[in-house]
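The values are calculated or read from the model by the stated rules, or taken from the named source; none is laboratory data. Remember, it's a predicted structure, so these values are computed and weren't measured experimentally. For neighbour counting, all protein chains shown are included, and Cβ atoms are generated from backbone atoms with ideal geometry for every residue, glycine included. Just the protein is used for accessible areas: all its heavy atoms, side chains included, with ligands, DNA and RNA removed. Shrake-Rupley method; radii C 1.70, N 1.55, O 1.52, S 1.80 Å.
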Amino acid sequence: DFCQAEGKKRPSENLGQVLFGERIEPSPYRFTFNKKEICKSVCTKTYDTTKPEDKQKLDFLKKSMLLNYQHHWIVDNMPVTWCYDVEDGQRFCNPGFPIGCYITEDGRPKDACVINSEFHEKDTFYIFNHVDIKIYYHVVENEALGARLVAAKLEPKSYKHTHPDNPDCSGVPMDISNKASGEVKIAYTYSVTFHEEKTIRWASRWDYILESMPHTHIQWFSIMNSLVIVLFLSGMVAMIMLRTLHKDIARYNQMDSTEDAQEEFGWKLVHGDIFRPPRKGMLLSVFLGSGTQILIMTFVTLFFACLGFLSPANRGALMTCAVVLWVLLGTPAGYVAARFYKSFGGEKWKTNVLLTSFLCPGIVFADFFIMNLILWGEGSSAAIPFGTLVAILALWFCISVPLTFIGAYFGFKKNAIEHPVRTNQIPRQIPEQSFYTKPLPGIIMGGILPFGCIFIQLFFILNSIWSHQMYYMFGFLFLVFIILVITCSEATILLCYFHLCAEDYHWQWRSFLTSGFTAVYFLIYAIHYFFSKLQITGTASTILYFGYTMIMVLIFFLFTGTIGFFACFWFVTKIYSVVKVD
């Protein structure tokens, strides 16, 4: 219940902003360039606590001050920031500022109340009803005369205006006692000053906000940590590839086929079963199709983000780019699913295409739709309008699905994937497995290493989603993405080799689940983050948090699982193509 702008048109948002729940409203604060305003009145809100609707509005204001709700203002596409000193003489610039703050019953100031010693009444709310705005501009030389805005900063203040009609912006702060009754008047005012700033170029005007964001040295530490894991794994894989495999292959290939044949051991023994189609081949091929779609989408989105096309200055660009790419990448999904389904000896190609088009996207959409119903029921502005839902469905049904069908058509037309060794008619017996070559321990171990590479980045990404911090470190994220792909592949290949040496030839699902198990660790981390970092109250908010987390976990599961499967598939094809089989 703040001042509203009369008769101004709402700016329109793009798809990414709508999906992320960002809505932009016009503002009642009017500026004219280089015209200084001192203590100008915007509007006055009066609450009569005897009327239930007024009391409800005032209670909502109090609740939002208690929970440290923030105003987010934009001038010329730049966030208006509130800069204040933190420890070690650094300045922190927050791209929003609180509505107000609260002093507890025992006189402890909460959140922003520490900025002013005049805020000392117990059990009282102080509302920031006045802002001092400073706008910094840079005069453009050698072009047509004009100036460009390079920064906008503000100081929130609290004044109890005795004469709301001609305010003077001095005196005691505007306090609202928690037990206040009768009439409460809040007058909103602002001052604006313009300052010329010659040093900041227009192109680098975001820098001062980004500099005070979470620190980069943690990032380098995490990258080094991940690289050490990668080097360690690569060393192990290289050792297996070169030494052990080389020895194995040399031993297998120089044996005389007559007398030594019965003394074979290790992975060569299962050559007649290694390409036996897995159980539930349909589901695996569908997962691989969706996973490929997500893999390419992530790669291209991050690549564009690295080039700077999707910076925070282009609001909603990241999400828009991801959704559009996902829709256009139906063809590779259909193609991969069809190729693998055919090589698994599947016949029901129609079911395969339909499942690839609808299973994983359907789960994500259903989850998203339920979240949207909850938002809509709560009357939230983040609820997605009906038109946008229809637009998303149209993108999915009219573009993504036909493209998936085209991909599947080409996938089924091609001959099945040629395997280097023939499959025997009768499946071999699998010997008794030791504890760590059993499926479950292997799968659980496989997810730990990839997760270790990404968990520091995860912290920053979750912050940017849930705590409204900007995320702009796409260079780091791209590096981490590459490291994640390498780690998933190598961990899966290692475990795959151990299983084959133990003569267990069921590698397809196991390789998918080994690296896909990273998503389970991601889920555990998200739950830890919810309890340790977020102060979320209320059932609706909790359901929303976990609803959106489940979407991320599913996407991440398909993504990492696909990487693991492809790595293992390549490895198995490679090693069985170099041994001589009688």
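Within region 53-71, identify whether any single residue is part of a loop (DSSP other than H, G, I, E, B), open to solvent by less than 80 Å² (accessible area, probe 1.4 Å), more than 30 Å from Trp202 (Cα to Cα) and among the hydrophobic types (A, V, I, L, M, F, W, C), and answer yes or no. Yes; the residues of region 53-71 include at least one that is part of a loop (DSSP other than H, G, I, E, B), open to solvent by less than 80 Å² (accessible area, probe 1.4 Å), more than 30 Å from Trp202 (Cα to Cα) and among the hydrophobic types (A, V, I, L, M, F, W, C). Collect the residues in region 21-47 that are surrounded by 14 or more Cβ atoms within 10 Å (Cβ to Cβ) and either in contact with a helix residue (DSSP H, G or I) (Cβ under 7 Å, 6 or more places away or on another chain) or acidic (Asp, Glu) (or both), keeping them in residue-number order. Within region 21-47, Glu22, Glu37, Tyr47 meet the criteria.
Does region 272-281 contain at least one residue that is part of a helix (DSSP H, G or I) and closer than 24 Å to Lys414 by Cα? Working first, answer last.
Let us first name the residues in region 272-281 that are part of a helix (DSSP H, G or I), namely 272, 281.
Those still in the list that are closer than 24 Å to Lys414 by Cα too: 281.
Among the residues of region 272-281, at least one is part of a helix (DSSP H, G or I) and closer than 24 Å to Lys414 by Cα, which makes the answer yes.
Residues of region 198-214 being exposed (fewer than 15 other Cβ atoms within 10 Å of the Cβ) and either of a type in the set (D, E, K, R) or in contact with a Lys or Arg (Cβ under 9 Å, 6 or more places away or on another chain) (or both), which ones? Of everything in region 198-214, those that are exposed (fewer than 15 other Cβ atoms within 10 Å of the Cβ) and either of a type in the set (D, E, K, R) or in contact with a Lys or Arg (Cβ under 9 Å, 6 or more places away or on another chain) (or both) turn out to be Lys198, Arg201, Trp202, Asp207, Glu211. Consider Phe481 carefully, then state whether it is at pLDDT 85 or above, open to solvent by less than 50 Å² (accessible area, probe 1.4 Å) and closer than 26 Å to Phe309 by Cβ. Considered against the rule, which asks whether it is at pLDDT 85 or above, open to solvent by less than 50 Å² (accessible area, probe 1.4 Å) and closer than 26 Å to Phe309 by Cβ, Phe481 comes out as yes. Listed by position, the strands (runs of 3 or more DSSP E) enclosed by region 97-139 that each have at least 2 residues that are among the charged types (D, E, K, R) and surrounded by fewer than 20 Cβ atoms within 10 Å (Cβ to Cβ) are 130-139.
Of all residues in region 52-100, those being among the acidic types (Asp, Glu) and within 28 Å of His138 (Cβ to Cβ) number 2.
Considered as a group, the residues in region 534-562 that are free of Cβ contacts under 8 Å to residues at least 24 places away in the same chain and outside any loop (DSSP other than H, G, I, E, B) include one that is surrounded by the most Cβ atoms within 10 Å (Cβ to Cβ), and that residue is Phe546. As a summary of the residue check, Pro98 satisfies the conditions (1) closer than 19 Å to Ser27 by Cα; (2) at pLDDT below 90 except for the one numbered (2).
So, Ala317, is that one hydrophobic (A, V, I, L, M, F, W, C) and surrounded by fewer than 21 Cβ atoms within 10 Å (Cβ to Cβ) or not?
Numbers: hydrophobic (A, V, I, L, M, F, W, C): yes; surrounded by fewer than 21 Cβ atoms within 10 Å (Cβ to Cβ): yes.
Here the answer is yes, as Ala317 does meet what is asked.
Output the number of residues of region 174-198 satisfying the condition of being hydrophobic (A, V, I, L, M, F, W, C) and under 13 Å from Lys35 (Cα atoms).
Qualifying residue count, region 174-198: 2.
Against the test of being over 32 Å from the mean Cα position of the chain (by Cα), in contact (Cβ under 8 Å) with a residue 24 or more places away in the chain and surrounded by fewer than 18 Cβ atoms within 10 Å (Cβ to Cβ), the options Ile363, Ile417 yield a single qualifying residue, Ile417.
Val86 fulfils the conditions (1) without any contact (Cβ under 8 Å) to a residue 12 or more places away in the chain; (2) in the same structural domain as Trp202 (by the TED database); (3) under 29 Å from Trp206 (Cα atoms); (4) open to solvent by 70 Å² or more (accessible area, probe 1.4 Å) except for a single criterion, (4). Of all residues in region 312-360, those being touching a residue at least 24 places away in the same chain (Cβ under 8 Å), under 30 Å from Thr423 (Cβ atoms) and in a loop (DSSP other than H, G, I, E, B) number 4. Per the listing Ile448, Ile456, the residue uniquely surrounded by 15 or more Cβ atoms within 10 Å (Cβ to Cβ) and within 23 Å of Trp220 (Cα to Cα) is Ile456. Mind listing just one residue for me: the one in region 148-184 that is over 23 Å from Asp76 (Cβ atoms) and aliphatic (A, V, I, L, M) and, of those, most open to solvent (accessible area, probe 1.4 Å)? Result: Val172. Taken together, the residues in region 104-149 that are touching a residue at least 12 places away in the same chain (Cβ under 8 Å) and closer than 21 Å to Ser170 by Cα amount to 19. Scanning region 1-52 for residues that are aliphatic (A, V, I, L, M), more than 19 Å from Ile133 (Cα to Cα) and part of a loop (DSSP other than H, G, I, E, B) turns up just one, Ile24.
If you go through region 265-275 one residue at a time, do you hit one that is assigned by the TED database to the domain that holds Trp396, surrounded by 21 or more Cβ atoms within 10 Å (Cβ to Cβ) and of a type outside the set (Gly, Ala, Ser)? I'd like the intermediate steps shown before the answer.
If we filter region 265-275 for residues that are assigned by the TED database to the domain that holds Trp396, which is where we start, we get none.
Checked region 265-275: no residue is assigned by the TED database to the domain that holds Trp396, surrounded by 21 or more Cβ atoms within 10 Å (Cβ to Cβ) and of a type outside the set (Gly, Ala, Ser).
Confirm whether Leu523 is free of Cβ contacts under 8 Å to residues at least 60 places away in the same chain, assigned to a helix (DSSP H, G or I) and either over 30 Å from Met241 (Cβ atoms) or open to solvent by 10 Å² or more (accessible area, probe 1.4 Å) (or both). Working first, answer last.
Working: free of Cβ contacts under 8 Å to residues at least 60 places away in the same chain: yes; assigned to a helix (DSSP H, G or I): yes; either over 30 Å from Met241 (Cβ atoms) or open to solvent by 10 Å² or more (accessible area, probe 1.4 Å) (or both): yes.
Here the answer is yes, as Leu523 does meet what is asked.
Considering only residues in region 389-437 that are among the aromatic types (Phe, Trp, Tyr) and under 27 Å from Leu495 (Cβ atoms), the one that is modelled with the highest pLDDT turns out to be Phe435. Contact map, region 371-395: first residue assigned by the TED database to the domain that holds Ile551 and over 19 Å from Asn14 (Cβ atoms), second residue loosely packed, with under 14 Cβ neighbours inside 10 Å and aliphatic (A, V, I, L, M), Cβ cut-off under 8 Å, separation 6 or more or different chains; pairs are Met371/Ile543; Ile374/Ile543. Exactly one residue among Lys160, Lys122 is at pLDDT 85 or above, charged (D, E, K, R) and closer than 27 Å to Thr81 by Cβ, and that residue is Lys160. With respect to (1) in contact with a Phe, Trp or Tyr (Cβ under 9 Å, 6 or more places away or on another chain); (2) within 26 Å of Gln469 (Cα to Cα); (3) not hydrophobic (A, V, I, L, M, F, W, C), the lone exception for Thr320 is condition (1).
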